[in-house]
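Participant: The structure follows.
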Amino acid sequence: MSGSYTTTTTITAPPSGADIRPEIKDDIHDPSYQDEEGPPPKLEYVWRNIILMALLHVGALYGITLVPTCKFYTILFAYVYYVVSALGITAGAHRLWSHRTYKARLPLRVFLIIANTMAFQNDVYEWARDHRAHHKFSETHADPHNSRRGFFFSHVGWLLVRKHPAVKEKGGLLDMSDLKAEKLVMFQRRYYKPGLLLMCFILPTLVPWYCWGETFLHSLYVATFLRYAVVLNATWLVNSAAHLFGYRPYDKNIESRENILVSLGAVGEGFHNYHHAFPYDYSASEYRWHINFTTFFIDCMAALGLAYDRKKVSKAAVLARIKRTGDGSYKSG
């Protein structure tokens with residue numbers, strides 16, 4: 001392995017907690033933004049999304065009944081596909097491209113863009129734009145999945161209706177130049193539809209059926225529909241449950257919360273109060289590997305020289321924030 005692949009530096013933010021990413025600033029919460037007075041606009045249902053999402057979940061429920069008669073390799077394959085898909089969101093669209101919390105060399109970026117396509121949760125550019133808006137305008141109408149509109153809306157309802165005008169307006173003003181300049185992200189965006197059909201639906205159905213003789217029904221409903229529905233809901237819980245249930249040890253003035261159960265399902269994304277307080281920390285948590293497979297994965301990639309410049313908030317900055325804005329639930333150690 002060449003020397004150019006061995007840099008694994010970790011950059012620690014100073015005690016002041018200052019943002020240490022020159023690339024972006026539009027994922028930092030803007031407390032000055034407030035919703036306009038007046039009634040919210042009437043909901044416009046997107047019936048295509050409603051029908052497709054309903055069919056997917058009916059298929060996933062049927063897939064649950066088929067799990068006991070699945071071949072072991074099919075269950076193992078579906079689980080591995082779930083973890084890889086999840087990493088495409090957590091290590092890829094979220095920590096790498098939305099927040100620029102670390103840097104990745106080309107082989108890792110290619111892996112993450114493929115894994116992200118497997119997850120089918122919109123292309124990286126659109127995912128990152130919505131997520132930066134979520135951070136900057138959290139819990140307002142400019143937040144795509146505003147948790148103040150209820151659990152169902154923040155979980156899945158926001159995908160079943162037209163975006164609030166404020167989401168379109170404010171999202172369109174965000175600086176996305178870093179992603180527009182990245183050829184791999186723009187390549188995925190250009191060819192996203194055929195890519196997702198292949199990686200999210202066709203491949204996971206054909207592999208068990210062709211490689212070890214699984215039935216077509218088991219392959220389709222377990223390895224594809226059930227696996228995809230689990231990945232979706234695990235990710236959505238970060239938007240819903242982790243904004244409604246849990247403690248706020250780092251900042252009691254924001255709605256995001258620490259939720260261990262969400263972290264288990266979303267491979268490390270449930271330390272949400274910390275993440276909103278310090279969005280530039282590559283671990284999205286104070287505790288690196290604790291219930292955080294995504295951080296373990298990034299650290300493994302760093303050991304291979306494929307990830308570097310991992311940003312980490314200093315302990316002094318964390319303790320200062322806890323003292324200043326925490327809800328008193330923090331327990332050291």
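The values are calculated or read from the model by the stated rules, or taken from the named source; none is laboratory data. Values in this document were obtained by computation on a predicted structure and should not be read as measured data. In this analysis, Cβ positions are derived from the backbone assuming ideal geometry, glycine residues included, and neighbour counts consider all displayed protein chains.
Participant: Of the conditions (1) over 17 Å from HIS155 (Cα atoms); (2) of a type in the set (Ser, Thr, Tyr); (3) surrounded by 24 or more Cβ atoms within 10 Å (Cβ to Cβ), TYR247 satisfies every one except a single condition; which number is it?
Facilitator: All conditions are met except number (3).
Participant: Moving on. Can you name every one of the helices (runs of 4 or more DSSP H) wholly within region 227-333 that holds 1 or more residues which are without any contact (Cβ under 8 Å) to a residue 40 or more places away in the chain, within 24 Å of SER147 (Cα to Cα) and among the small types (Gly, Ala, Ser)?
Facilitator: Numbers: elements: 227-239, 260-265, 272-277, 293-303, 315-325.
It comes to 260-265.
Participant: Determine which single condition SER329 fails, assuming it passes every other condition in (1) surrounded by fewer than 20 Cβ atoms within 10 Å (Cβ to Cβ); (2) under 13 Å from ALA91 (Cα atoms); (3) of a type in the set (Gly, Ala, Ser).
Facilitator: Evaluating SER329 over (1) surrounded by fewer than 20 Cβ atoms within 10 Å (Cβ to Cβ); (2) under 13 Å from ALA91 (Cα atoms); (3) of a type in the set (Gly, Ala, Ser) leaves (2) as the failure.
Participant: Right, another one. Of all residues in region 65-109 being outside any helix (DSSP H, G or I) and touching a Lys or Arg at 6+ places or on another chain (Cβ under 7 Å), which is nearest to GLU269 (Cα to Cα)? Spell out the reasoning first.
Facilitator: Step one: list which residues in region 65-109 are outside any helix (DSSP H, G or I), which gives 70-71, 99-105.
With the extra rule that they be touching a Lys or Arg at 6+ places or on another chain (Cβ under 7 Å), the set shrinks to 100-102.
Details: ARG100: 16, THR101: 14, TYR102: 16 Å.
Selected residue: THR101.
Participant: What is the number of the single condition among (1) of a type outside the set (Lys, Arg); (2) free of Cβ contacts under 8 Å to residues at least 60 places away in the same chain; (3) part of a helix (DSSP H, G or I) that PRO144 does not meet?
Facilitator: Here PRO144 clears every test but (3).
Participant: Here is a follow-up. Taking ASP27, is it in a loop (DSSP other than H, G, I, E, B), charged (D, E, K, R), modelled with pLDDT of 60 or more and within 23 Å of ALA128 (Cβ to Cβ)? Steps first, please.
Facilitator: Values: in a loop (DSSP other than H, G, I, E, B): yes; charged (D, E, K, R): yes; modelled with pLDDT of 60 or more: yes; within 23 Å of ALA128 (Cβ to Cβ): yes.
Yes; evaluated as a whole, the condition is true for this residue.
Participant: In region 53-87, which residues are closer than 28 Å to THR140 by Cα and exposed (fewer than 12 other Cβ atoms within 10 Å of the Cβ)?
Facilitator: ALA54
Participant: Among helices (runs of 4 or more DSSP H) lying entirely in region 175-217, which contain 1 or more residues that are β-branched (Val, Ile, Thr) and either free of Cβ contacts under 8 Å to residues at least 24 places away in the same chain or in contact with a strand residue (DSSP E or B) (Cβ under 8 Å, 6 or more places away or on another chain) (or both)? If you could, list the steps in order and put the result at the bottom.
Facilitator: Numbers: elements: 177-180, 183-190, 192-196, 203-211.
Of the helices (runs of 4 or more DSSP H) lying wholly inside region 175-217, those with at least 1 residues that are β-branched (Val, Ile, Thr) and either free of Cβ contacts under 8 Å to residues at least 24 places away in the same chain or in contact with a strand residue (DSSP E or B) (Cβ under 8 Å, 6 or more places away or on another chain) (or both) span 203-211.
Participant: Go through LEU96, LEU112 for me and flag whichever is out of contact with any strand residue (DSSP E or B) (no Cβ under 6 Å at 6 or more places or on another chain) and among the aliphatic types (A, V, I, L, M).
Facilitator: The conditions single out LEU112.
Participant: Could you tell me whether region 86-96 includes any residue that is over 30 Å from LEU220 (Cβ atoms) and either touching a Gly at 6+ places or on another chain (Cβ under 9 Å) or free of Cβ contacts under 8 Å to residues at least 40 places away in the same chain (or both)?
Facilitator: Taking region 86-96 and keeping what is over 30 Å from LEU220 (Cβ atoms), we get 95-96.
Narrowing the set further to residues that are either touching a Gly at 6+ places or on another chain (Cβ under 9 Å) or free of Cβ contacts under 8 Å to residues at least 40 places away in the same chain (or both) leaves 96.
Checked region 86-96: at least one residue is over 30 Å from LEU220 (Cβ atoms) and either touching a Gly at 6+ places or on another chain (Cβ under 9 Å) or free of Cβ contacts under 8 Å to residues at least 40 places away in the same chain (or both).
Participant: Hey, another quick one. What is the one condition in (1) at pLDDT 80 or above; (2) more than 24 Å from the chain's Cα centre (by Cα); (3) part of a helix (DSSP H, G or I) that ASN49 does not satisfy?
Facilitator: (2) is the only condition that ASN49 fails.
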